[in-house]
Amino acid sequence: MKYSAIPLLFLFFILSSCNAGGEKKKEGVITYSIDYPESKDNFFLYHVLPKELRTSFKDNKMEMKIKKANMENTIIVDSRGKKIASYYNYGEIFTTQLTPDEINMVLASHPKYKITFTNKKDTLLGFDIKQAIAVDPKKPNEKIELWYTDDIDFKNSNWFNGFGEIPGVLMKYSIVQYGLRMEFKATKFEAVTIPDSVVQLKRPGTKISHTLYDKKIMDLFESFK
């Protein structure tokens, strides 16, 4: 089965720092809005899809959680140890911790983006942000705007999501996942202490392979269409 990109859901990603030029934030929670611009004509699909991603981060680890009603899909990433785990709860609970081979297959599934850094700068939620443009060589007419911040103490925050060349934490970006274009934008930052348990890789539930986990997520999205 073909591996899909981990959502950055999928970061997905981490951010922090509301004091430009000051000390970088080491932990906190970022809330992202999620929009599906190409799905708005499908009334049912657009309204049933989750619209929010919450990312908790500390110690170069992050938990990216998407919840909608009784559905939860969570990705846990350890950027220092290069590890990934996933948790799925939608009437039944499953968990998986990716093997090195599975991680390599996920990384290989991402488009080989050509990244161009621009001189454009802005601010968002008090963060200084910079722009880069990503282009998939197979789709040269489609440009993806990436806005990222250096105002966070988090190394290699994009090693797993296809945008590994981006040196900072993504704050606005888009991806195509499970046949859907998703646009993410940071809308809230909370400077709170994150318990170690939040960013631990282990989760309760039946352990399954990443292939089966990925299929369950794909089947769930297909059921929405």
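For the reader, a short list of remarks on this structure follows.
- For Gly162, the conditions (1) in a strand (DSSP E or B); (2) touching a Phe, Trp or Tyr at 6+ places or on another chain (Cβ under 7 Å) all hold with the exception of (1).
- The stretch 178-225 - residue that is among the charged types (D, E, K, R) and farther than 21 Å from Leu98 by Cβ and, of those, modelled with the lowest pLDDT: Lys225
- Among the criteria (1) assigned to a loop (DSSP other than H, G, I, E, B); (2) under 14 Å from Met182 (Cα atoms); (3) modelled with pLDDT under 90, the one Glu38 does not fulfil is (3).
- Those strands (runs of 3 or more DSSP E) lying entirely in the stretch 103-154 with at least 2 residues surrounded by fewer than 14 Cβ atoms within 10 Å (Cβ to Cβ) and either out of contact with any Pro (no Cβ under 6 Å at 6 or more places or on another chain) or not acidic (Asp, Glu) (or both): 114-124
- Residues located in the stretch 36-60, provided they are more than 22 Å from Val192 (Cα to Cα) and touching a Ser or Thr at 6+ places or on another chain (Cβ under 9 Å): Pro37, Leu45, Tyr46, Leu49, Lys51
The values are calculated or read from the model by the stated rules, or taken from the named source; none is laboratory data. Computed from a prediction, not measured in an experiment: that's the story for all the values here. FYI the Cβ positions are ideal-geometry reconstructions off the backbone, even for glycines, and counts take in every protein chain you see.
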